[in-house]
Amino acid sequence: MARSVNSLLLNIALSLALLAMAHGQTSTQYVPGEVLVKYRKEVSGFQIQGKLTALKGRTIQNFERFGIRHVRFDQATDIGQIIAALKADPDCEVVEPNYIIHLYSTTPDDPLLASLWGLNNTGQTLHGVVGTVDADIDAPEAWDSTTGSSSVIVAVIDSGIDYAHPDLAANIWINPGEIAGNGRDDDRNGKVDDIRGWDFANKDNDPFDDNGHGTHVAGIIGAVGDNALGVAGVCWAVKMIPLKIFDANGSAVSSNFIAALSYALAKGIKLANYSGGGYDYSILQDHAIQQANESGLLLVAAAGNEAIDNDGATPSYPASYNLPNIISVASTHLRDGRSSFSNYGATSVDLGAPGEDIGSTYPGNRYAYLSGTSMAAPHVTGAAALIWSHRPTLSHTQVKALLLASVDPMATLSGTTVTGGRLNIAGALSDQLVFGTQPSGSVSGAVLAVQPVVKARDIAGNTDETFTETITLSLGSGAGSLSGLLTAKAVNGVAVFSNVAYTATADGQSFSLSANDQDGVETNLSAVTSNRVPSDVVATQLAWSTQPVGSASGAALTTQPVVKAVDGHGLIDVGFNETVTLSLISGAGSLSGTLTAKAVNGVAAFSNVAYTATADGQSFSLSANDQDRVGTNLSSVTFQVVVEPLLPGDFDADGLVDLDDFFLFADNFGRNSKAAAWNPVYDLSGNGSIDFDDFFIFAGNFGKSGNGL
């Protein structure tokens, strides 16, 4: 959409008087005779230069990464006519004046004497105001996890940094691709001897802060901690690149911001702080930041100091560009409310952070208190640096998600920011232990059917791959006991357990598990109780797996016994491995064969078992017992009766194969299975007819007793 672009007002530390002055500035300011222009990708550089030369224009800077050119014309040229001529060219996509941006800052009112309430609010009194306990970002709690890493680099796009300040010097980035003082562009980026960054305001390699604002911002992000000096930044160990775009008077041009962003991207930077803004939409800034998003850069921006709603008609930019790589930050005060000067926006401002009466570094080895959303933004930038120090593989959008998911709710930010809360870096770094797989039980004393897997999960719901502590399982509830591997070291945030079992003390008992990290107290991990897992402790019983079936007395049973141990659910108890013994419960005869068998996975198989009867028609039953009979939870079980069949030919079952049986046989002789009066009892051979094959069997048994003895 076509919108005019006003001057960009840098949102920094403002006193109430300066806020009132700034509130009235609305006029558009730009550099006479200069524009920023973007042509279609298909247009060659040769063609572009020809078009500009025809209008008597000269390219000052070419931001190839963004496709944007900084062009200068004769200062006497009417810039409106130039812009109209460029817009008339169908090859020209966007053209804007090179807007002037301003820096407004308060003068330091006193040296740093009090504690830094934004990092740790103990209710201290500052400038006569009593703070609210814990109205801070919980920095000390976060420092228990990490205090930063020199591998994390932050671009500070501001008025430069006093890189010699004793609280900052150790955390200033040094260009590894440049050799100091040799007068050469060693890293071939168009900047000679850019050892510590670049001064885009004065076009040289000395980004020293001659204004004060950038040094104060840098101290909030990364003043050296634990060095017995002045202050500590949110991130004690970090490397900061001073990218100076504002001069000593607090003035800069829009092209400098784009140039600084391009420099940061060329160096592979993932994090930048920009405490600046304005109240009109710039399509070229929007485009440049979109390109930065594609390269994985997170830009933390101040929401603005005009006490206006950024959801309204005149939002502050770049904080209000609708881009996934921008975090827009409002200011809060030490009483835990939104600062009176701070901009807000239910959909455009992401969160709040301490920004009022903030103590930090200042040029000349000094310290100062300043106020503004400019001071709030670097708290968030420092927090992002801490997260990347702890979890370097996260993407810029994942870091943003952690910061927004972990805020402390605040009434004055509810409904006026996206999250409704204030920055809490300890929450962003904290994890919880959760079950990756919910353990489920089977039999008391047996290993759980589903073994526990425990994950360390961050506030955004992702597995924290940096977590490598040892996790210990314990009972959360349940009167029984745990056994098996109850400790496991996490690998990439996941701890896997094995052979865990629960032994119950009563029927129907249930239990729950708790998972704790190795130190238990100092860690930021909390114990998590799993879903309850039922365990039925009804005594395991012996039962037939195959029912034994008898045949002739003294012969091996046609179906041999197989005994299984079953739990109260009827499932095989695979943990049962005792020896089972067969014995007679009824029957006057005797057993022979293999009468003992050791159970394997709850099953005992027998072989060659036979029953020898003592009388015709005798029957018997078997009992199976475990080896100790008393101490075990297995009980004796009586199995089904197996009937011993009579001697073939004793058709009247009188115990003797005699003439009575012969007459019965004779009455049926000659019949087959198709006959209406067919009786298979007389088909001794089993061939489907009663014939001489059956007669010879009958004759062989004639005169014998029914049990064949």
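Could you provide, to the nearest whole Å², the per residue accessible area of the stretch 556-599 with probe 1.4 Å?
Dividing the accessible area of the stretch 556-599 by its residue count gives 46 Å².
Could you look at the stretch 356-513 and say what percent of its accessible area is carbon and sulfur, using a 1.4 Å probe and all protein chains? Numbers along the way, then the final one.
Numbers: 2810 of 5340 Å².
Solvent-exposed carbon and sulfur of the stretch 356-513 make up 53 percent of the total.
Stretch V129-V192 to full length: gain in nm at 0.36 nm per residue minus the Cα-Cα span?
17.8 nm
Sort 396-406, 695-705 by packing, meaning the average of other beta carbons within 10 Å per residue, with the highest value first.
In decreasing order of mean packing, 396-406, 695-705 become 396-406, 695-705.
For the pair A556 and A479, how long in nm is the line joining their label points, each one 7 Å along Cα→Cβ?
My value for the distance between the label points is 5.0 nm.
Where does the charge balance sit around M375 when Lys and Arg score +1, Asp and Glu -1, over other residues with C-beta under 10 Å from its C-beta? Kindly include the intermediate steps, with their values, before the conclusion.
Details: positive: none; negative: E356, D357.
Here the count lands on -2.
Please work out the average accessible area per residue across the stretch 249-329, using the 1.4 Å probe convention, and give it in Å².
I get 24 Å² per residue for the stretch 249-329.
Of all accessible surface on the stretch 201-311 at a 1.4 Å probe, what whole percent is carbon and sulfur?
Ligands and nucleic acids excluded, carbon and sulfur give 44 percent.
Can you give the FRET efficiency to the nearest 0.05 for S340 and D311, using r as the Cβ-Cβ distance and R₀ = 25 Å?
Efficiency at R0 = 25 Å is approximately 0.85.
Per residue, how large is the accessible surface of the stretch 155-224? Use a 1.4 angstrom probe and give square angstrom.
For the stretch 155-224, the solvent-accessible area averages 36 Å² per residue.
Local charge sum around Y682 (other residues, Cβ-Cβ under 11 Å, Lys/Arg +1, Asp/Glu -1)?
-4
Count the net charge of all other residues whose Cβ sits under 13 Å from the Cβ of P363, scoring Lys and Arg as +1 and Asp and Glu as -1.
Local net charge: -3.
Compute the distance from the alpha-carbon center of the stretch 133-192 to that of the stretch 205-253, in whole Å.
8 Å
Give the Debye-formula value of log10 I(q)/I(0) at each listed q (0.13, 0.21 Å⁻¹), with one equal scatterer per alpha carbon of the stretch 319-456, two decimals each.
Reported log10 I(q)/I(0), two decimals: -0.63, -1.21.
Arrange the peptides 373-382, 71-80, 233-242 so that the one whose residues have, on average, the most other Cβ atoms within 10 Å appears first.
Order by mean packing, descending: 373-382, 233-242, 71-80.
Using only the alpha carbons of the stretch 183-274, determine the length spanned along each of the three principal axes and report them from longest to shortest in whole angstroms.
Principal-axis extents of the stretch 183-274 (Cα, largest first): 39, 30, 25 Å.
Please give the Cα centre distance for the stretch 566-615 versus the stretch 331-368, rounded to the nearest Å.
The distance from the Cα centre of the stretch 566-615 to that of the stretch 331-368 comes to 81 Å.
Taking R0 as 35 Å, what's the FRET efficiency between T397 and D226 from their Cβ-Cβ distance, rounded to 0.05?
Details: r = 32 Å, r/R0 = 0.90.
The formula returns an efficiency of 0.65 here.
Going highest first, how would you order 347-354, 60-67 by mean Cβ packing within 10 Å?
347-354, 60-67
How long is the stretch 402-505 along each principal axis, judged by its Cα atoms, biggest number first, in Å?
For the stretch 402-505, the Cα extents along the three principal axes come out at 56, 28, 17 Å.
Going by the alpha-carbon gyration tensor, a ≥ b ≥ c the square roots of its eigenvalues, is the stretch 290-360 rounded (a/c under 1.5) or, if a/c is not under 1.5, prolate (a/b greater than b/c) versus oblate?
Values: a/c = 2.61, a/b = 1.49, b/c = 1.75.
Oblate, because a/c is 1.5 or more while a/b does not exceed b/c.
The values are calculated or read from the model by the stated rules, or taken from the named source; none is laboratory data. All values reported here derive from a predicted model rather than from experimental measurement. Neighbour counts run over all protein chains shown; Cβ positions are idealised from the backbone, glycine included. Calculation scope for accessible area: heavy atoms of the full protein, side chains included, ligands and nucleic acids excluded. Shrake-Rupley method; radii C 1.70, N 1.55, O 1.52, S 1.80 Å.
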